[in-house]
Number of protein chains: 2
Amino acid sequence: MGSLAIRGAQPADASAIAEIIIPTFREGSTYTIDPDISEADALAYWLSPDKETFVAEDDGAIVGTYYMRTNQAGGGRHVCNCGYMTRACVTGRGIARAMCLHSLSHARSRGYRAMQFNFVVSTNDRAVRLWQSLGFEIVGRLPGAFQHPTQGIVDALVLYQTL
Amino acid sequence: MGSLAIRGAQPADASAIAEIIIPTFREGSTYTIDPDISEADALAYWLSPDKETFVAEDDGAIVGTYYMRTNQAGGGRHVCNCGYMTRACVTGRGIARAMCLHSLSHARSRGYRAMQFNFVVSTNDRAVRLWQSLGFEIVGRLPGAFQHPTQGIVDALVLYQTL
């Protein structure tokens, strides 16, 4: 982890990004994406034109990816939204934290005035704690809004940070 | 208001729907839509394939419209989302209430287990009170998430109702 570098995603990164996002979507416990989504549709979602997508490289290997987008149009366009994913075999090594810190800095440079996570599954304790440690507050709780693949109906949280 | 009828929108309703939604988008105080959106794009948004769109007719005149869509995919697909608009000249006559009641019934018939409003501008008091009177609870507050055209930065609310 000495050499983690975060940079904009390039077309050549698609297969590495797919290796990260497809297993997470298939597992279906953290993102509100159809678990049966095709690889092409998953990449189209993660790399859609309304998003800026980044990758985190550790010694040349892509170990994480995140996107940033404007969360709402019109009067809500000063608030951005991000989604982060870390390669399963390297979780717990600070990659998500590094990507989130990068995103907060990037959001400020883009002129956003806040960052909102619309739907954090409440059972994703580690993520919730991480986001809270980075300045996010739980500003909403959606009761029973998520059907977890193993834990049944659980709450989802809305997290928010003014920049 | 004796003969309010709510039915699915038809292609021939497009101009009446545009007459309702365009002024609301232009005013920019309630929906997170670019106030400069073209009429074609506004109609494409309101009638997009992921939505079911309805109109409310009073003695043959279209006085309101609403849409229903699945709010999230995957594990969140049991929660729906709606947006309602009433023709400006007929506000205060119970049309929004009638459309919301219709939507709650329709959502149950579609098998949805909850309804969520993602972004209710906090200054829209009348709407907030109406939704609360129909069983919605404020489950989240997004601080400063909306740039109101005349009131500056204001909060937005997340409303939710289990069905």
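Helix check for chain A. Which DSSP H runs span at least 15 Å along their own axis by Cα, with a mean Kyte-Doolittle hydropathy no less than 0.5? Correct list, ordered by number: A:14-27.
Each of A:Ser29, A:Ser105 has its accessible area taken with a 1.4 Å probe; listed largest first, they run A:Ser105, A:Ser29. In region A:128-145, the residues whose accessible area drops by at least 10 square angstrom when the other protein chains are added to the isolated chain are A:Val139, A:Gly140, A:Arg141, A:Leu142, A:Pro143, A:Gly144, A:Ala145; the probe is 1.4 Å and only protein heavy atoms count. Entry for chain B at q = 0.11, 0.14 Å⁻¹: log10 I(q)/I(0) = -0.43, -0.71, Debye formula applied to identical alpha-carbon scatterers, no solvent contribution.
Short-range pairs are left out: with C-alpha atoms under 8 Å and at least six residues apart, the relative contact order of chain B is 19 percent.
Only helical DSSP H runs with n ≥ 4 go in: add -39500 (n - 2.57) per run for chain A, normalise by residue count and round the 222 nm mean residue ellipticity to 500 deg cm²/dmol. List each step's numbers first, then the result.
Numbers: 4 runs with 46 residues, N = 163.
Per the formula, -8500 deg cm²/dmol.
Could you compute the net charge surrounding B:Arg69? Neighbours are other residues with a C-beta less than 13 Å from the C-beta of B:Arg69; K and R count +1, D and E count -1. The partial results should precede the final answer.
Details: positive: B:Lys51, B:Arg77, B:Arg110; negative: B:Asp50, B:Glu52.
Residues near B:Arg69 contribute +1 overall.
For the pair A:Gln151 and A:Asp36, a Förster radius of 30 Å applied to the C-beta separation gives a FRET efficiency near 0.90, rounded to the nearest 0.05. Electrostatic tally near A:Gly140: other residues with Cβ closer than 15 Å to its Cβ, Lys and Arg +1, Asp and Glu -1, net -2. Per-residue shielding of A:102-115, expressed as the average number of other chain Cβ atoms within 10 Å of the residue Cβ, stands at 1.
Taken per residue, the accessible surface of region A:50-163 reaches 41 Å², heavy atoms only and a 1.4 Å probe.
For chain A, the fraction of 1.4 Å probe accessible surface lying on carbon and sulfur atoms is 49 percent. Summing +1 for each Lys or Arg and -1 for each Asp or Glu among the other residues whose beta-carbon sits under 14 angstrom from that of A:Leu4 gives +1.
Chains B and A together bury roughly 1900 Å² of accessible surface, counting both sides and using a 1.4 Å probe on protein heavy atoms.
Could you tell me the distance between the Cα centroids of region B:100-150 and region A:109-133, to the nearest Å? Result: 22 Å between the Cα centres.
The values are calculated or read from the model by the stated rules, or taken from the named source; none is laboratory data. In this text the structure is predicted, and so the values were computed from the model without any measurement. With ideal geometry, Cβ positions are generated from the backbone for all residues, glycine too; neighbour counts draw on all protein chains shown. Just the protein is used for accessible areas: all its heavy atoms, side chains included, with ligands, DNA and RNA removed. Shrake-Rupley method; radii C 1.70, N 1.55, O 1.52, S 1.80 Å.
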